[in-house]
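What follows is a short report on a single structure.
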Amino acid sequence: MTRRDELATGLAQTRERIARACDAAGRDPAEVTLIVVTKTYPATDVALLVELGVTDVGENRHPEAGRKLAELAGLGVTEPPRMHFIGGLQTNKAGAVSRYADVVHSVDRLRLVDGLSRGAVAAGRTLGCLVQVDFDTTDPGRAGAVPADVDEVATHMANAEGLRLAGVMTVAPLGVDPGPVFTRLAEISERLRTSHPDAIAISAGMSGDLEDAVKAGATHVRVGRSVLGERGSAR
Ligand SMILES: *Cc1c(COP(=O)(O)O)cnc(C)c1O
C-alpha cells in the first residue's frame, strides 16, 4: 500500500466515524470540521492530505508548524490548508505563530492574547482565536484557562485588534469519561454566545473520543492517529 492509499483509508474511516456520530446525534456532518493533526508527520503527508481533500490541518509546535506550511509550495501545493495551532504557546512565540496560523485554539491567558494581537496587527492579518478551557482539577500545570476565567480571556480577545473570538476548545483530561467534560464545554460555549454570538466554534474530540465530542455539539474535531497512524514519538 502506498502512503497515499494509507492516508486515503484513514481519512475515509475517520470521516465515516464522524458521519455515524452525527447520524446518532441527529446532526448534519457539514456542521463538523475535521482538522487533521499532522504533528510529527512530514510535509509530504500534508501535501497528500491536501490532494485527498483535507482543508484544515493542526500542529502543536512552533517552528515545526510554520516550517511544514512553508515546505508545501515546494511540494506543488498551490492552495495551502488552513493551519490550526493547537499546542501550548509561549508568549514570546506568539508573534511568529500569528504570521502563519489561521486559527489558534490554545489561547488561555491575557498576555498571550496581547502577544497574538500585536503579531496579527504587525502581519496585517486577522487571526481566529479560541479560548482553551481546562477541566482537570488535579493538575494545575495543564494548559487552558479554568472555567471561571473564560469570560475574562474571551472579552479581552474580543476587544483585541487583529483577533477574532471564534469559540472554545478543550482537551479531555486523561482517565476520565470525556462525555461530561464536552458537555460542560458546550455549556460554556452557550453562555459565551449570549454576549458573543459569533463565537460558535467548539473544538473538542480527538482520535479516542471524537464520538463523545460530536454528541456534545463539537464543531471542530482534531484528529491525528485515526487518519495518519500511531505517532513514533511520545506525543
Ligand atoms: C495531538 C493532538 C490531537 C490529536 O490527537 P490524536 O490522538 O492523534 O487524534 C488533538 N488535539 C491536540 C491539542 C493535540 O495535541
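Below, the figures for the structure above:
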{"quantity": "Arg3 of a type in the set (Lys, Arg), open to solvent by 60 Å² or more (accessible area, probe 1.4 Å) and closer than 17 Å to Arg231 by Cα", "calculated": "yes"}
{"quantity": "All positions within region 45-70 that are among the β-branched types (Val, Ile, Thr) and more than 15 Å from the ligand (Cβ to nearest atom)", "calculated": "Val50, Thr55"}
{"quantity": "Leading residue by the ranking (nearest to the ligand (Cβ to nearest atom)) among those in region 71-84 that are in contact (Cβ under 8 Å) with a residue 12 or more places away in the chain and either in a helix (DSSP H, G or I) or open to solvent by less than 30 Å² (accessible area, probe 1.4 Å) (or both)", "calculated": "His84"}
{"quantity": "All positions within region 185-232 that are within 11 Å of the ligand (Cβ to nearest atom), open to solvent by 10 Å² or more (accessible area, probe 1.4 Å) and part of a loop (DSSP other than H, G, I, E, B)", "calculated": "Met206, Ser207, Gly208, Asp209, Gly229, Glu230, Arg231"}
{"quantity": "Residue list for region 85-107, filter: assigned to a strand (DSSP E or B) and open to solvent by 10 Å² or more (accessible area, probe 1.4 Å)", "calculated": "Val103"}
{"quantity": "Among (1) in contact with a Cys (Cβ under 6 Å, 6 or more places away or on another chain); (2) over 21 Å from His84 (Cα atoms) - the single one Met157 does not satisfy", "calculated": "(2)"}
{"quantity": "Criterion: acidic (Asp, Glu) and either within 16 Å of the ligand (Cβ to nearest atom) or under 15 Å from Phe85 (Cα atoms) (or both) - qualifying residue of Asp177, Asp149, Asp114, Asp136", "calculated": "Asp136"}
{"quantity": "Any hit, region 110-133, residues being in a strand (DSSP E or B), among the small types (Gly, Ala, Ser) and farther than 16 Å from His62 by Cβ", "calculated": "yes"}
{"quantity": "Count of region 19-36 residues which are under 20 Å from Gly58 (Cα atoms) and open to solvent by less than 10 Å² (accessible area, probe 1.4 Å)", "calculated": "2"}
{"quantity": "Region 10-37, subset more than 16 Å from the ligand (Cβ to nearest atom) and either of a type in the set (S, T, N, Q) or in contact with a Pro (Cβ under 9 Å, 6 or more places away or on another chain) (or both), residue nearest to Leu228 (Cα to Cα)", "calculated": "Ala19"}
{"quantity": "Subset of region 38-70 [among the charged types (D, E, K, R) and open to solvent by less than 70 Å² (accessible area, probe 1.4 Å)]", "calculated": "Lys39, Asp45, Asp56, Glu59, Glu64, Lys68"}
{"quantity": "Options Leu52, Leu11: the member that is of a type in the set (A, V, I, L, M, F, W, C) and either touching a strand residue (DSSP E or B) at 6+ places or on another chain (Cβ under 8 Å) or at pLDDT below 95 (or both)", "calculated": "Leu11"}
{"quantity": "Matching residues, region 147-180, being under 21 Å from Arg222 (Cα atoms) and assigned to a loop (DSSP other than H, G, I, E, B)", "calculated": "Val171, Ala172, Pro173, Leu174, Gly175, Val176, Asp177"}
{"quantity": "Of the criteria (1) on the phi < 0 side of the Ramachandran plot; (2) within 13 Å of the ligand (Cβ to nearest atom), which one Thr40 fails", "calculated": "(1)"}
{"quantity": "Leading residue by the ranking (nearest to the ligand (Cβ to nearest atom)) among those in region 120-133 that are surrounded by 22 or more Cβ atoms within 10 Å (Cβ to Cβ) and more than 21 Å from Arg191 (Cα to Cα)", "calculated": "Leu127"}
{"quantity": "Exclusive hit being under 18 Å from the mean Cα position of the chain (by Cα) and of a type outside the set (S, T, N, Q), set Leu192, Leu163", "calculated": "Leu163"}
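The values are calculated or read from the model by the stated rules, or taken from the named source; none is laboratory data. Computed from a prediction, not measured in an experiment: that's the story for all the values here. Cβ atoms come from the backbone with ideal geometry, glycine included; neighbour counts cover every protein chain shown. The protein model used for the area step is the full one, side chains on, heavy atoms only, and it has no ligands, DNA or RNA in it. Shrake-Rupley method; radii C 1.70, N 1.55, O 1.52, S 1.80 Å.
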